[in-house]
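Input: a single structure, listed below in structure tokens.
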Amino acid sequence: MGGCVAAGWLKVHRPDLTVMIIEPGPLGGSFKGGGLKYLRWDDGLAQLLVDNSLPALKQQVIGGVATVGPDGSLVACDYPGDLDPLAIKQLQLAHYKMTRGTMEGFTDGVMNFGGRDQFKIVTPANLCESLTSGAAVIQAMITRIMPSRGSSYLKLSNGVMVEAKTTLWTPHLLFLSNMMGDPVDPQAKLLNVMSCEAISDWWAAHDYIYTSTSCSRVHRISTSTPVGTVVAEWNGEDGLSNEVLTDLDALGMMPQYDTHKSLPGHLLPLSDGDKATVSGWLDHGIRPLGRFAEWDGRATVDKNIIKLEEIFNDADR
């Protein structure tokens, strides 16, 4: 989705540039297939959608927490509406430790809490196609990046070689480091995403529900489509283990299919050495864009607008 937003921004603000999208899979990547399927509200992003003749409908995000009631049954509390500040802090600590396996990098507000996270943009089904209209789309993988002074050459899996003055890299940072032949060693937890049938209908009242204090493995449930379907998320390399199945049963869910999101999904800060390596790529016109490319859990799509303005502030780019 970061690449689609970048293409839409360039179409409006830099129509003089030739934009090429290199994507081996569907436009938008896993945006349509896993996790929270909406864009966070941001005035700049909403205006970009309008500029691309797309409606920007604003709706409130309803979050929840699965807690155990007095009779031992699970109930959903609104997050943060039903919880006091101390309970919220304890919930954040539990969720962060569960998903990262460490408290390194923990700060207040690491979960979906705060002004920018309380509203979402409801987008049409043709969002990705509309944002990328006018750009040349090549369905291929990048197999190697060869730096040159002020630009870079991208070797593609179909044998084509592309020269790019500016490369906006939106996939995973691990891929970029391999393509550059200059590996970095970021730390992350593997994220599993499973589509499930929800037996209980109280999930439908929330966009997401945290389960960190009521489950041993599953840490978040997100509503999905069609109605009655939810997405469960958990960390680990053992897939649909007995512990996960126990959690899903307690949550009133029946697994349907794995969405195959197998890349590390929870990020820890880069080391100083890794930061220096990544910053060196800037000399060759390579600009990481997006949370996985920038290795920043807070660098969601709404932040891309500011980053694009910074990148293309120089008229010579």
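Tabulated data for the structure shown
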| read-out | value |
| --- | --- |
| Identity of the residue in segment 131-165, hydroxyl-bearing (S, T, Y) and surrounded by fewer than 17 Cβ atoms within 10 Å (Cβ to Cβ), that ends up farthest from P55 (Cα to Cα) | S148 |
| Selection count, segment 126-142, where residues are under 22 Å from the mean Cα position of the chain (by Cα), hydrophobic (A, V, I, L, M, F, W, C) and assigned to a loop (DSSP other than H, G, I, E, B) | 2 |
| Any chance V230 is among the β-branched types (V, I, T) and part of a helix (DSSP H, G or I) | no |
| Answer from L191, L168, L173 - the residue that is modelled with pLDDT of 90 or more and open to solvent by less than 30 Å² (accessible area, probe 1.4 Å) | L173 |
| Residue list for segment 176-185, restricted to those being open to solvent by less than 20 Å² (accessible area, probe 1.4 Å) and more than 15 Å from R287 (Cα to Cα) | V184 |
| Strands (runs of 3 or more DSSP E) enclosed by segment 12-96 - at least 1 residues per element that are under 18 Å from the mean Cα position of the chain (by Cα) | 63-68 |
| Single residue of V218, V244, V227 found to be touching a strand residue (DSSP E or B) at 6+ places or on another chain (Cβ under 8 Å), more than 22 Å from F292 (Cα to Cα) and either open to solvent by 20 Å² or more (accessible area, probe 1.4 Å) or at pLDDT 90 or above (or both) | V244 |
| Unmet requirement for I209, which otherwise passes all of (1) touching a helix residue (DSSP H, G or I) at 6+ places or on another chain (Cβ under 8 Å); (2) part of a strand (DSSP E or B); (3) free of Cβ contacts under 8 Å to residues at least 12 places away in the same chain | (3) |
| Meets criteria (without any contact (Cβ under 8 Å) to a residue 40 or more places away in the chain and touching a Ser or Thr at 6+ places or on another chain (Cβ under 6 Å)) for C77 | yes |
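Table: residues versus (1) at pLDDT below 85; (2) under 21 Å from M194 (Cα atoms).
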{"site": "G28", "(1), (2)": "no, yes"}
{"site": "L45", "(1), (2)": "no, no"}
{"site": "G63", "(1), (2)": "no, yes"}
{"site": "C77", "(1), (2)": "no, no"}
{"site": "G81", "(1), (2)": "yes, no"}
{"site": "L86", "(1), (2)": "no, no"}
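Yes/no matrix, rows are residues, columns are (1) open to solvent by 70 Å² or more (accessible area, probe 1.4 Å); (2) modelled with pLDDT of 90 or more; (3) assigned to a loop (DSSP other than H, G, I, E, B):
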site	(1), (2), (3)
H266	no, no, no
D274	no, yes, no
F292	no, no, yes
R298	yes, no, yes
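To keep it simple, each residue is scored yes or no on (1) touching a residue at least 60 places away in the same chain (Cβ under 8 Å); (2) under 25 Å from D249 (Cα atoms); (3) open to solvent by 30 Å² or more (accessible area, probe 1.4 Å).
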position: F31; (1), (2), (3): yes, no, yes
position: Y38; (1), (2), (3): yes, no, yes
position: A46; (1), (2), (3): yes, no, no
position: Q60; (1), (2), (3): yes, no, yes
position: G63; (1), (2), (3): yes, yes, no
position: V68; (1), (2), (3): yes, yes, yes
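The values are calculated or read from the model by the stated rules, or taken from the named source; none is laboratory data. Bear in mind that the values here come from a model prediction, so they are computed numbers and not experimental data. Every residue, glycine as well, gets a Cβ built from its backbone with ideal geometry; the counts of neighbours run over all protein chains shown. These area figures cover heavy atoms from the full protein model, side chains too; ligands, DNA and RNA do not enter into them. Shrake-Rupley method; radii C 1.70, N 1.55, O 1.52, S 1.80 Å.
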